[in-house]
Amino acid sequence: MARLKNKAIREMNEKDLYDRLKQIRADLFKLKVESKKGTLRKESGKLKPRRKNIARILTRINELKKKWQKISDYQ
């Protein structure tokens, strides 16, 4: 899985963001297990981009929550 672009993340709705987050976290977990076992070789450079993708998605989810919070405060 390559780096997720911010443009692609902004186009996703909240459900898609949570689905992608779950998928990336599961993939990261598998890579971490392989790393601890010592069987991770060619994919060792895939850990950091996945962590950054998770951070980007969580940032977008928090932005959406704040947006909806502001909207509900005005009503």
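The values are calculated or read from the model by the stated rules, or taken from the named source; none is laboratory data. Predicted model only: the values in this text are computed from it and were never measured. Don't worry about glycine lacking a Cβ; one is built from the backbone with ideal geometry, like all the others, and counts go over all protein chains shown. With ligands, DNA and RNA removed, areas are computed over all heavy atoms of the protein, side chains included. Shrake-Rupley method; radii C 1.70, N 1.55, O 1.52, S 1.80 Å.
Looking only at the range 8-18, count how many residues are over 11 Å from the mean Cα position of the chain (by Cα), part of a helix (DSSP H, G or I) and among the hydrophobic types (A, V, I, L, M, F, W, C).
Looking only at that region, the number is 1.
Starting from residues that are outside any helix (DSSP H, G or I) and of a type outside the set (Val, Ile, Thr), keep the ones in the range 19-51 and report whichever is nearest to Asn6 (Cα to Cα).
Glu43
State which residue is farthest from Asp16 (Cα to Cα) when the search covers only the range 29-61 and only residues that are open to solvent by 80 Å² or more (accessible area, probe 1.4 Å) and either within 13 Å of the chain's Cα centre (by Cα) or of a type in the set (A, V, I, L, M, F, W, C) (or both).
Lys48
Look at Lys7 and say whether it is out of contact with any helix residue (DSSP H, G or I) (no Cβ under 9 Å at 6 or more places or on another chain), of a type outside the set (A, V, I, L, M, F, W, C) and closer than 25 Å to Lys65 by Cα.
So Lys7 fits the description; yes.
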